[in-house]
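Values in this text are rule-based calculations from the coordinates and carry no lab data. Just so it is clear, the model here is predicted, and its values are computed rather than measured. Glycine gets a Cβ as well: all are built from the backbone with ideal geometry, and neighbour counts include every protein chain shown.
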Amino acid sequence: MPKDYYKIDLMPLPYDYTALEPYINTQTMQVHHDRLLKAYVDKLNATLAAYPKLQKLSLEQMLENTYLIPDSARTSVINFGGGVYNHNFFFNSLRPGIAGNIPIGNLGKAIDRKFGSFEEFRKEFKEKALSVFGSGWLWLVKDYKGNLLLEQTANQNSPISLGHIPLIVIDVWEHAYFLQYLNLRNEYIDNWFNVINWNRADEIYNS
Ligand SMILES: [Fe+2]
């Protein structure tokens, strides 16, 4: 292996495995982080091992500029690299549940302007998250003009490849909820709203 081999690390969870109980249970967090995210990290590193030029780029640089990736590696980097980026973003965008968890600051105001109210936003977000077909994600993003958008991405595709800035995201791959909720994506989404880290989302929105 080359000496300067670029290694993407497995990001530690920013809280304990139990921290999102009862909304996302401990077993789900352990499997999701320790096995599924780790598998994406390992597969991305295995892919990058053969591409020294890509090893010089950050994960974000690769996903934001997918044209820089050689054809022979592009699908693997989008799938495995997207799997790493999306899961890191997802885990970082959560925090222990609090009662009456609502958006704050400038983002809270922008959500009210765009969707009419938080309740309307919540309704629309939930409908779009329920309608993701197969495996994917629903994101709240900011586009290059600063507009808020709800954006579905399939598989491990990421909004940063479209030039959008993610603010919050829900993982609606079945592996994100099946251990706790079986096939009830509906209940998972309702409970996930309790653990969104709106402080972090507002910080990103303002940056
Ligand atoms: Fe996931």
Largest fluctuation, ILE98, ILE196, ILE78 only, Gaussian network model of the chain with Cα springs under 10 angstrom, belongs to ILE98
Return one number: the angle in degrees, 0 to 90 and rounded to the nearest 10, between the long axis of the Cα atoms of helix 82-92 and the longest principal axis of the Cα atoms of the chain. 40
Put in order of increasing Cβ neighbours within 10 Å, starting from the fewest, ASP34, ASP202 give ASP34, ASP202
When the Debye formula is applied to the Cα atoms of the chain, each taken as the same point scatterer, what base-10 log of I(q)/I(0) results at q = 0.09, 0.10, 0.14, 0.15 Å⁻¹? -0.35, -0.43, -0.84, -0.96
Expected vector for segment 114-124, Karplus 3J(HN,Hα) from phi with 6.51, -1.76, 1.60 and θ = phi - 60°, integer Hz, x for Gly and Pro, equals 6, 9, x, 6, 5, 4, 5, 4, 4, 4, 5
Under a 5 Å amide H to amide H cut-off, with H placed in plane at 1.01 Å, what residues pair with ILE168 once short-range neighbours are removed? LEU140
In the structure shown, of LYS43/LYS145; LYS7/LYS53; LYS38/LYS145; LYS114/LYS142, the pairs separated by more than 23 angstrom at the C-alpha atoms are LYS43/LYS145; LYS38/LYS145
Along segment 156-170, what does the Karplus equation 6.51 cos²θ - 1.76 cosθ + 1.60 (θ = phi - 60°) give for ³J(HN,Hα), rounded to whole Hz, x for Gly and Pro? 10, 5, 10, x, 5, 6, 9, x, 9, 9, x, 10, 9, 8, 10
Taking θ = phi - 60°, what integer Hz values does the Karplus form 6.51 cos²θ - 1.76 cosθ + 1.60 yield along segment 187-197, in sequence order, with x for Gly and Pro? 5, 4, 4, 4, 6, 4, 4, 6, 10, 6, 8
Applying a 10 Å radius around every beta-carbon, put 35-44, 143-152 in order of their mean neighbour count, most first. 35-44, 143-152
